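Written out below as structure tokens is the structure these notes cover.
Nothing in this text is a laboratory measurement; each read-out follows from the coordinates by a stated rule. This structure is a prediction, so every number in the text was calculated from the model and none was measured. We place every Cβ from the backbone using ideal geometry, glycine too, and count neighbours over all the protein chains shown.
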Amino acid sequence: MMAIMRKTEAGQQALQAREGGTKLPVRLRTLLLQVDGQKNSEQLVQLAVSLGSPAETVDKLLELGLIEPLPGSVVEPPAPPAPSQREIAAAAMATVAVTIKPAAPTPPLAAPPVVSTATVVAQTAAPVATPATAAVDDTQLEDIPVSSKLPEHLRPVAALMRQLVEKHLGLKAMLLKRRISHCDDEKELRLALVALREALAKASNNAQADAILQEVYTHLPMIGLNRAKTF
């Protein structure tokens, strides 16, 4: 049913009440203000949704007796037209045609391919690829832990650098992550830190890279490297 909606007397009084327990919720009041005796129920539903209220807000106003259909404006949706005799007959014929459709013929079996003796010899002589010789994607290589040769106080720093690579650079920086894992002393770890900083700067900017590496700098200050020139 789609009808033009208007405010009831109770709806008019609810809009005038601004204090006390009879004050309407904001969503109901906002939609009630839009009821002007010209919009139908479907238009009010669309308006309620556009204002951020649920579609059931219109039904709530009806349930509270704040709005009502304008007399003579109720429009029932038209009933679907009944199928004609010609359409009924065509549908019946289509059903019969599907029912008696002949089964598709079984295709003949394909003849097996002819393999020459030379082909068999060539395939036998060809070397078989083994997992050792097959190409391996860098992203599938086994993850290598931090080097045990690295001084113990620097191992957490290397682990932190590996985490930053995973978080901000992803799989594309797998080689950088492996480089950090292979660091055996402080010098190699500092050089890896320079490479990490450059990769982060390319991905964002210098200031962002320094902000990401701030905790690393706390444990591994950039002493002994020409930071201005390198960065």
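Laid out as a table, the results:
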quantity	calculated
Approximate spin-label separation D184-E56, in nm, with each point projected 7 Å along Cα-to-Cβ	7.1 nm
Taking all pairs of distinct alpha-carbon atoms in the stretch 158-207, Kirkwood radius in angstrom	10.8 Å
Segments 149-155, 163-169 sorted - mean Cβ within 10 Å per residue, highest first	163-169, 149-155
Spacing of the two label points (7 Å from each Cα toward its C-beta) at A203 and A10, in nm	6.2 nm
